[in-house]
Amino acid sequence: MAEVAREMRVSGDALIPRLNGMLRLNKPPLVYWAALGGYGIFGEVSELAARFPMALSAIACILLTAALAARLFGPRAGLFAGAVLATTPLYVSLGRRAETDVPMTLFIVLAMYAFERAFREKQAGWRWLFFAAMGLSFMCKGVPGVVVPLLAAILYLLWEGRAREPLRLSFLGGLLLTALIIAPWYALVWATFPDAGEVFRFETLHRLGADAPHANPFYFYFYVTPIQVLPWSLAIPLVWTALRGDEKARRAARLPAAWLAGGLVFLTLLETKQPHYLVPLLPAIAILIGAGIDRALASARWPWLTGRLLARFTAVFSLGIVLFAFFFEARFVERDSPRGVCGRVLDEVGERPLIYYRFDDSACTFYLKRTVHVAADEALLMKALQRTPGAHVFTREEYAAGLELPSHRILWTSDDYKRRMVLLGPRG
């Protein structure tokens, strides 16, 4: 994502996403534009500038989640919900990265907040905000940005006995607003590149097929979700009992429960399943857990559960999250990051021609701050070297072992990345 935004900045074309000079149409552009704005704010292309808008999105999402929980269950429940989300390791990890999940989740939470206010207050402005937020959420990552909040709203309306509401003209008109936010960029891209429609169709439908990338069994999220929400998932029995025993809380829990249930059904239907796809559902889980803890504190059934105990637990766990995020995770991420090895390539090669052989890493391209020719096989590599005989070649060690390049020699081999990499340069 950061590299796409960098290439937008270099080319001056913010409309068409490109990665290493090639069209990149698998995601809408709103998050690219956010990173581009970060580069503008900081006046340079850097990791910090790319991540800055995503970190702001993560903070805003926590605050909005707390606000929604406070409206449903009260201020103390809102505080707990915000704390749960802010200390969920999956959320903390992705909130620090230049990825699309957290910005999409921010707009989903905004949509659900607006929907709750529109449902309670019967104000048209909140209803229009619900549909506008869905459009913006779609523009962050695509289909999940609309499906998750829309399914949540429809399930909630059915639960409330208002099955006709989605068929009303005002609801259908709102969907038109969502479409009007989404359609212009797609129309412009399609008009410029007629084959773009096939890319959009592939990205949407391919994930439903058995040959989808990252395919996992249908029960994947049933065991992954509790793991990703640890340690708060340990409180689920307490939350269930506390909410079940409070009729008012049970009624208020319908909205986050519909949000969670609809989202899990949608994600389960996709063949492509990954843990970070759960991020749009984490605010719903945080609201339910926060509400359950709030009701448990108000009940005499658990005398050992006190506000002081929760405060101490949250403080200790928050400290653990900070240590994990900024020390332990940073070390693991650094081990898998191409920053070091690609910086070494940049120092060695400078502005001279460079070719990736059977290797293409967008993060490496970002650190090189240039687009790089990619040779997918040996024949294409030979053709590329005929055109630019002085080019360096960057590849994995196992691919370099089978190459016969009399004109090149190994300059160095690096093992400070998740794969051993080799840089070959011209002899002499």
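Of all residues in the range 24-65, which are of a type in the set (D, E) and touching a helix residue (DSSP H, G or I) at 6+ places or on another chain (Cβ under 8 Å)?
Just the residues of the range 24-65 that are of a type in the set (D, E), to begin with: 44, 47.
Passing the criteria: only E47.
I'm trying to understand the selection: among the residues of the range 380-400, which are free of Cβ contacts under 8 Å to residues at least 24 places away in the same chain and over 37 Å from the mean Cα position of the chain (by Cα)?
Result: M382, K383, Q386, R387.
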Quiz item: Hey, among the residues in the range 383-428 that are out of contact with any Phe, Trp or Tyr (no Cβ under 9 Å at 6 or more places or on another chain) and among the hydroxyl-bearing types (S, T, Y), which one's nearest to T371 (Cα to Cα)?
Solution: T388
Quiz prompt | From the options R96, R71, residue that is of a type in the set (D, E, K, R), surrounded by fewer than 19 Cβ atoms within 10 Å (Cβ to Cβ) and under 28 Å from D294 (Cβ atoms) | solution = R71
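So, restricting to helices (runs of 4 or more DSSP H) that lie completely within the range 343-428, which ones have at least 2 residues that are within 26 Å of M8 (Cα to Cα) and of a type outside the set (S, T, N, Q)? Talk me through it step by step, then tell me what you get.
On the way: elements: 362-368, 378-387, 397-401.
Where helices (runs of 4 or more DSSP H) fall fully within the range 343-428 and carry at least 2 residues being within 26 Å of M8 (Cα to Cα) and of a type outside the set (S, T, N, Q), they are 362-368.
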Quiz item: Looking at A249, A196, A235, A153, which one is surrounded by 15 or more Cβ atoms within 10 Å (Cβ to Cβ), closer than 30 Å to L72 by Cα, modelled with pLDDT under 90 and in contact with a Phe, Trp or Tyr (Cβ under 8 Å, 6 or more places away or on another chain)?
Solution: A249
Quiz item: Just for the range 4-54: of the residues that are within 20 Å of the chain's Cα centre (by Cα), among the basic types (K, R) and part of a helix (DSSP H, G or I), which one is nearest to A191 (Cα to Cα)?
Solution: R6
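So if I check each of S57, S137, S93, which one is among the small types (G, A, S) and over 22 Å from I181 (Cα atoms)? Spell out the reasoning first.
Values: S57 fails: over 22 Å from I181 (Cα atoms); S137 fails: over 22 Å from I181 (Cα atoms).
Selected residue: S93, the only one of S57, S137, S93 that is among the small types (G, A, S) and over 22 Å from I181 (Cα atoms).
The values are calculated or read from the model by the stated rules, or taken from the named source; none is laboratory data. The structure displayed is predicted, hence computed values, not measured ones. Glycine also receives a Cβ, built like all others from the backbone with ideal geometry; neighbour counts cover every protein chain displayed.
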